[in-house]
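Before any comments, here is the structure.
Every number in this text was worked out from the coordinates using simple rules, so none of it is lab data. Quantities reported herein were computed from a predicted structural model and do not represent experimental measurements. Every residue, glycine among them, receives a Cβ derived from its backbone with ideal geometry; neighbour counts consider all protein chains shown.
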Amino acid sequence: MASTKSIALALALLFLGLSETPQTIQAADSCGTQLDQLVSCAPSVVPGSTTPPTQQCCSALKAMTHDCSCNTLQIMNSLPTKCGLSAIKCSQSS
């Protein structure tokens, strides 16, 4: 079974277009490492959880670069249609 870091690195490589420049590989590894650190946030993001984020989670989130965060969200938003599923539409509650 793939580790969380391997999955995160695979996603990072996916959004970087799989080009093979040393800078791209370094950026993908950096983003993968950043995503791996977010595992500490898992207990706080499970639907129905009342567990507040830990300091480790908040520090990991703060350390995320803008590009890594945005590209990861873009990947997550594009996956359902690439898998033949309906796009996910979320509404914000007021």
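Numbers at a glance
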item	result
Relative packing of 71-79, 42-50, which averages over residues the other C-beta atoms within 10 Å, highest first	71-79, 42-50
In Hz, Karplus ³J(HN,Hα) per residue of region 47-63 (6.51, -1.76, 1.60; θ = phi - 60°; x = Gly, Pro)	x, x, 6, 10, 6, x, x, 7, 4, 4, 4, 5, 5, 5, 5, 5, 6
Other-chain or far-sequence residues with amide H under 5 Å of residue 64's (modelled H)	none
